[in-house]
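Quick notes on the structure that follows.
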Amino acid sequence: MIRYWIVTLYLLISQAVLSQESDIGFISGQLEVDTTWDRSVYLSHIPTFEDQYAMSSEMIVSETIMDSLGNFTFDLSFLPTSIQLFRIHITKKGDSRASLIIGGNDENHLLFLANRESQIKLHCAPATPPFDSAVFFNSTLNNSFNQITRTANRTRQKASNSSAAKRRFIENKLREDLLLFADTVTLPLVSLYAVYVSGIDANTSEYQAWRSSFLGKWEKENNAYFKAFRNRIPGNDKTNYLLWSMGAFVLLSIGFLLGKFASSRKKKAINSLSVQERRVFELLKKGVSNQEISEECNIGISTVKSHVSNIYSKLNIKSRKDVMDF
Amino acid sequence: MLSMLIVGFMTYGQGQGQNASQQQQQQDPESFFTSGREISFADDSKGEEITIEIEKDTRIFELKIYTIIEKGRVSVDIYDPENNRQGKFSVGTQLNSGKNERASGEFSKHLREPIAGKWRIKISPSGASGRINIETSFVQ
């Protein structure tokens, strides 16, 4: 009886341990590369899509060695629960661990999405560049994600070998396809990645309406990837808004103070006029001629001229127009 | 401080009237030109822009940019004559790590019938020490 309970207890504990182990996230893969490549494989965290072509050893979160058959595994159990962007890369022998090759036959990296629960299997058949034939198993998310990379890489390669005129058509078609994909896919980071790969420049007005609609669709997405994208769009950056508002306030205040200062100077200048000069000044402002002023004030023309001259001098102006604008 | 130094400079094109040290191979009926530049910087934060003039009848253009950094960070942006960004990358070392480390980035692009005009390579270092090699090849 005791033996029965011990066996049962052992089986229960084993099952619990096994079930716990099976929940641990990982990415394992097989990579068949030639001898010019080092056997180390690196896993980097990419904090925003802006950084997908950034390389620094600070970004490397894990490192492992491929076995003789090219098999490698990364434990992902230390990752956060939210889906994040990662990059696997390998290096040429003798290169620094933080080396990134973009384009050409030696492109050395592959992007993918994961969190601590991801259990991803990757297979890369012999190809040039090494990750060109990458296929993900058990991951719909990464199959969609990788589909974008592969489609874009292949189409751009085709475009680069086409004539300039044809290239424009191919690139435009790719952009439209990627934006359509971004519009219809239900996975937010995959959708955002398609937008980045499409190359629509956040600073041009051409796709402004499209971007607004895109951001409206994903307005609840508040992760670093969407925040970085929102910040690229003029008018979407809250810091910029604040700076603009502060700038406008400062300019308005300066304008108000300058206006007040000018008005006070004018008032002071008018107060410096004699009673008669002030009367002449009011008539000048109405556009009245010297003759009419003479008749109105019952003074001679020469006296009017003398008052006008004094007014010009005291108010530091040069003409009747200046009087009317004063 | 602002000591960006062009230590190697080779240019392409007989008509350009520039350096005689250009590496040029003539393969009739096509002309094949290659050129290379090396830019070194030491604790540098001053941006630099390199222009590459592509003539109208250029059939193939190949651009390779290789950057190696021992300190700081450098970003490289590549623009075509229509101001469309054709590529970008950045490499950096860990801040205040105190260790000897290197980071490198390599970018390559191959284009048939590239847009003629001035292609710009914008280099933005930030307290960076290292070097950048720019290699260009043209078939006309």
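Odds and ends about this structure:
- Shape category assigned to the range A:78-158 from the gyration tensor of Cα positions, a/c cut at 1.5: oblate
- Lysine pairs meeting the criterion (Cα under 26 Å, 8 or more apart or interchain), as found in the range B:45-140: 24
- The trypsin sites (Lys or Arg not before Pro) of the range B:36-121 meeting both criteria, a DSSP state outside H, G, I, E and B (loop) and at most 15 other C-beta atoms within 10 angstrom of the site's C-beta, are B:Lys46, B:Lys56, B:Arg59, B:Lys99.
- With R₀ set to 35 Å, the beta-carbon distance separating A:Ser302 from A:Lys267 gives a calculated FRET efficiency near 0.75.
- Along chain A, longest interval not containing exposed trypsin sites (Lys or Arg not before Pro), exposed being DSSP loop plus at most 14 other Cβ atoms within 10 Å: A:94-219
- Largest first, the three principal axis extents of the alpha carbons in the range A:239-326 are 67, 21, 18 Å in whole numbers.
- Candidates A:Phe131, A:Phe86, A:Phe169: whichever shows maximal mean-square fluctuation once chain A is modelled as a Gaussian network with Cα springs under 10 Å: A:Phe169
- Global form of chain A, assessed from the alpha-carbon gyration tensor, a/c cut-off 1.5: prolate
- Over chain A: helical MRE at 222 nm, DSSP H runs n ≥ 4 each giving -39500 (n - 2.57), nearest 500: -17000 deg cm²/dmol
Rule-based calculations on the coordinates, nothing more; no lab input. If you're wondering where the values come from, they're calculated on a predicted model, not measured in any experiment. We place every Cβ from the backbone using ideal geometry, glycine too, and count neighbours over all the protein chains shown.
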